[in-house]
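First comes the structure, then the notes that go with it.
The values are calculated or read from the model by the stated rules, or taken from the named source; none is laboratory data. Only a predicted model underlies this, so the values are computations on that prediction, with no experimental measurement involved. As a convention, Cβ positions derive from the backbone with ideal geometry for all residues, glycine included, and neighbour counts pool all protein chains shown. When the accessible area is computed, the model is the full protein with side chains, heavy atoms only, and any ligands, DNA or RNA have been set aside. Shrake-Rupley method; radii C 1.70, N 1.55, O 1.52, S 1.80 Å.
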Amino acid sequence: QVQLVESGGGLVQPGGSLRLSCAASGISFNIYTVGWYRQAPGQQREMVASITRGGYTNYVDSVKGRFTIAKDNAKNTVYLEMNSLKPEDTAVYYCNVNPPVRVFWGQGTQVTVSS
């Protein structure tokens, strides 16, 4: 049974930073492209960053230069380092493989950027 557990969210002021973690069990991130996704209230879920098996990364334009995705194969964990956060980054953040598998979605972690 695959389980993805996101953590590290919270309330941060504009310009602040957070580091999200996604720990996996029942699946090896080493053989998949993995993505971080987010869903803001009233909006569709979007992928903001992804990392391939070989470590190639890709970002949506709105987070380029501010977010960094990385993975630790030994820990089977993927991270999202978020800097220079903006109020529009407020959302629930999820991880999943890319393309996403419906049954892999976890609970996500809430990120709120507000003064």
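Considering segment 1-40, the residues that are in contact with a Lys or Arg (Cβ under 8 Å, 6 or more places away or on another chain) and not in a loop (DSSP other than H, G, I, E, B) include one that is farthest from Val113 (Cα to Cα), namely Ile31. Residues that are at pLDDT 95 or above and part of a loop (DSSP other than H, G, I, E, B) were ranked within segment 51-73; the one that is farthest from Leu4 (Cα to Cα) is Gly65. Collect the residues in segment 74-89 that are open to solvent by 50 Å² or more (accessible area, probe 1.4 Å), within 17 Å of Pro41 (Cα to Cα) and not in a loop (DSSP other than H, G, I, E, B), keeping them in residue-number order. Hits for segment 74-89 are Pro87, Glu88. For segment 100-108, the criterion of being exposed (fewer than 14 other Cβ atoms within 10 Å of the Cβ) and part of a helix (DSSP H, G or I) is met by at least one residue.
Of all the listed residues (Val113, Val92), the sole one being in contact with a helix residue (DSSP H, G or I) (Cβ under 6 Å, 6 or more places away or on another chain), within 18 Å of Pro14 (Cα to Cα) and surrounded by 18 or more Cβ atoms within 10 Å (Cβ to Cβ) is Val113.
In segment 27-38, the residues that are without any contact (Cβ under 8 Å) to a residue 60 or more places away in the chain and surrounded by 17 or more Cβ atoms within 10 Å (Cβ to Cβ) form Cβ pairs under 7 Å with partners that are part of a strand (DSSP E or B) and of a type in the set (Phe, Trp, Tyr), at six or more places apart or across chains, as follows: Trp36/Tyr93.
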